[in-house]
1. Within segment 32-52, how many residues turn out to be surrounded by fewer than 17 Cβ atoms within 10 Å (Cβ to Cβ), in contact (Cβ under 8 Å) with a residue 40 or more places away in the chain and either farther than 25 Å from N275 by Cβ or polar (S, T, N, Q) (or both)?
2. Residues to consider are I11, I84; find the one that is farther than 30 Å from A317 by Cβ, aliphatic (A, V, I, L, M) and surrounded by fewer than 17 Cβ atoms within 10 Å (Cβ to Cβ).
3. Which residue is farthest from the chain's Cα centre (by Cα), if the candidates are limited to segment 173-226 and must be charged (D, E, K, R) and surrounded by fewer than 21 Cβ atoms within 10 Å (Cβ to Cβ)?
4. When you look at L153, is it farther than 23 Å from N299 by Cα, surrounded by 15 or more Cβ atoms within 10 Å (Cβ to Cβ) and touching a His at 6+ places or on another chain (Cβ under 9 Å), yes or no?
5. Quick one: which of E29, E91 is surrounded by fewer than 24 Cβ atoms within 10 Å (Cβ to Cβ), of a type in the set (D, E) and not assigned by TED's automatic domain parsing to the domain that holds S218?
6. Among (1) touching a helix residue (DSSP H, G or I) at 6+ places or on another chain (Cβ under 9 Å); (2) part of a loop (DSSP other than H, G, I, E, B), which single condition is E37 missing?
7. Out of contact with any helix residue (DSSP H, G or I) (no Cβ under 9 Å at 6 or more places or on another chain) and basic (K, R) - does that describe any residue in segment 195-209?
8. Which one of these is at negative phi, in a helix (DSSP H, G or I) and either modelled with pLDDT under 95 or in contact with a Leu (Cβ under 6 Å, 6 or more places away or on another chain) (or both): V360, V353?
Amino acid sequence: MAQKIVPQPGIMDIKLYVSGESKVEGKAEPLKLSANENPYGFSDKAREAFARTVQNLHRYPNTDHRALREAIGEVYDLDPARIICGVGSDEVLQFVTQAYCGVGDEVILTEHGFSMYPILAKMVGAIPVEVKETERRVDVDAILGAVTERTRLVFLANPANPTGTMLTSEELERLVTGLPDTVIFVHDGAYTEFAGDFDGGVSLVNRFPNVIMTRTFSKIYGLGGLRIGWGYADEEIIGVLNRIRQPFNLSEVQMATAIAAVRDQDFVTRCANENNKWRGWMTNALRQMGIGCDESFANFVLARFDSPAEAEACNAALKAEGIIVRPVAGYGLPECLRITIGDEAACRRVIHVIATFKGVR
């Protein structure tokens, strides 16, 4: 009898990733506020660069991403030799896990952390170790207390998804200095541009050889449909990651568009300013209705209702009006809805529906 084909350890333990909804039955053009997309789209300069690449679709792309790495380095004042690019920042996170973890190793993540982290750990047979948060904020002491001789990685989204909360520079410093040199700290900065003057982890990378930071073009740059991300770390780590990166992982379309996007910082600033304005407005509006809402440093807010049942009912009320938000029971927050910050009209529409649901005038 032929033996059964068996996948590597951990793979069958993976629960499939579920993305936010994008359709509402009976609504031709729903207002989608479930995926933290940029309501202002993307830069006109990125649009023009994308259009120009049509002439070269038959050509293979450059394999070392040099022009894109140099553009990122120029804008963020980084050494291009210490930058790696991927198909979204998720791929860079995957590179780190593949390169530094194996069967039986431990990967630390937090209670409400991004759902890709345990998936990445299980892909290589590693063990995800979940630590508690304190009122939806990462607890540095809990992370440090969970480190063992088998710990290889610590994943941390900062600002965090789906809570929107954020560690201070002092807390990050205490976390990194408390980790053994043999543990890699992965600072996932997908929402960095919405967090004011925060550097996204650059200063940590420049001082600690066991830190890698990641960033994405999917959020404030509005290029989620193209899937482009990057990481910055010690040159030795980048050299390791490049050995497992497929040479043609990014197309010329992706790279040319991202180069134009990253150089249009006026667009980024406008989007950040609008987001911050309406994020504050929405936070205050929710609180005035008695709905809990932590200060967010991202492009979404997390609305906390009195019970899972109330959150579910509010979600149904929003759907009935053609508005899609993100229930986050899968993140251990069944009483919450994550709401992307849209433009002014979108924000006012959401608050109007929620106020009607709550019976608030």
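1. Residues that pass the stated criteria total 1.
2. Values: I84 fails: surrounded by fewer than 17 Cβ atoms within 10 Å (Cβ to Cβ).
Going through I11, I84 in turn, just one is farther than 30 Å from A317 by Cβ, aliphatic (A, V, I, L, M) and surrounded by fewer than 17 Cβ atoms within 10 Å (Cβ to Cβ): I11.
3. Within segment 173-226, the subset charged (D, E, K, R) is 173-174, 181, 188, 193, 197, 199, 207, 215, 219.
Narrowing the set further to residues that are surrounded by fewer than 21 Cβ atoms within 10 Å (Cβ to Cβ) leaves 173-174, 181, 197, 199, 207.
Values: E173: 21, R174: 23, D181: 25, D197: 18, D199: 16, R207: 24 Å.
Result: D181.
4. Details: farther than 23 Å from N299 by Cα: yes; surrounded by 15 or more Cβ atoms within 10 Å (Cβ to Cβ): yes; touching a His at 6+ places or on another chain (Cβ under 9 Å): no.
Judged against the criteria, L153 is not a match.
5. On the way: E91 fails: not assigned by TED's automatic domain parsing to the domain that holds S218.
It is E29.
6. Of the numbered conditions (1) touching a helix residue (DSSP H, G or I) at 6+ places or on another chain (Cβ under 9 Å); (2) part of a loop (DSSP other than H, G, I, E, B), the odd one out for E37 is (1).
7. no
8. Working: V360 fails: in a helix (DSSP H, G or I).
Exactly one of V360, V353 is at negative phi, in a helix (DSSP H, G or I) and either modelled with pLDDT under 95 or in contact with a Leu (Cβ under 6 Å, 6 or more places away or on another chain) (or both), namely V353.
The values are calculated or read from the model by the stated rules, or taken from the named source; none is laboratory data. Keep in mind that what you see is a predicted model, and the values were worked out from it rather than measured. Every residue, glycine as well, gets a Cβ built from its backbone with ideal geometry; the counts of neighbours run over all protein chains shown.
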